Amino acid sequence: MAIHITDECINCGACEPECPNTAIYEGGSPWAWGDGTELGSVELEDGSEIPGDEPQEPYSEEFFYIVSGKCTECVGFHEEPQCAAVCPVDCCVPDPDYEESNEELEDKQQWLHAS
C-alpha cells in the first residue's frame with residue numbers, strides 16, 4: 001500500500017526530506033516523476049509517454065501530499081515508512097486505494113531507481 005497524508009496534516013514538513021523517492025510535496029507544488037529518481041521518461045497507463053521532468057498538477061493545494069505512484073513505503077531503503085515515523089500528528093497512513101504487495105513495492109523501487 002502507498003502511504004497518504006490525511007487532512008489532519010499540520011504542514012510541518014517533517015516528512016518531505018525523509019522520503020527516499022521524493023514522493024512527498026508541499027501543497028500547491030507541482031511534482032514530476034523524475035524528481036529524485038532515475039526516470040528520464042514515463043509511460044502512462046494510457047500508453048502515452050512523458051518526460052520524467054514534466055511538471056504534474058499538485059494532488060493537494062492545502063496540505064503536503066504523497067504521489068502514490070512514487071511511494072514504495074520505503075521498501076528497499078528502510079524497515080518502515082519514514083514519513084510515518086517522523087510525523088508528529090500521525091497523519092501519514094496506509095492508503096487503502098493503493099494496495100501493493102511487498103514484491104510490487106520492491107519492483108517499483110527498482111523501476112524508480114534503475115541506473
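Any read-out appearing in this document is the output of simple, stated calculations on the displayed coordinates, not a laboratory observation. Nothing here was measured: the structure is a model prediction, and the numbers come from that model. Using ideal geometry, Cβ is built from the backbone for each residue, glycine included, and neighbour counts are taken over all protein chains shown.
Filtering 47, 40 for residues that are within 25 Å of residue 101 (Cα to Cα) and either without any contact (Cβ under 8 Å) to a residue 24 or more places away in the chain or loosely packed, with under 15 Cβ neighbours inside 10 Å (or both) leaves a single hit, 47.
When each of 76, 52, 34, 69 is tested for being surrounded by fewer than 16 Cβ atoms within 10 Å (Cβ to Cβ) and either of a type in the set (Gly, Ala, Ser) or in contact (Cβ under 8 Å) with a residue 60 or more places away in the chain (or both), the lone residue that passes is 52. Under 13 Å from residue 20 (Cβ atoms), more than 13 Å from the chain's Cα centre (by Cα) and among the aliphatic types (A, V, I, L, M), is that true of residue 85? Criteria met by residue 85.
Note on the range 11-115: enclosed strands (runs of 3 or more DSSP E) holding 2 or more residues that are farther than 20 Å from residue 1 by Cβ are 41-43, 49-51.
Residues of the range 24-68 being in contact with a Leu (Cβ under 9 Å, 6 or more places away or on another chain) and either under 15 Å from residue 109 (Cα atoms) or of a type in the set (Val, Ile, Thr) (or both), which ones? Selection gives 33, 36, 37, 38, 39, 50.
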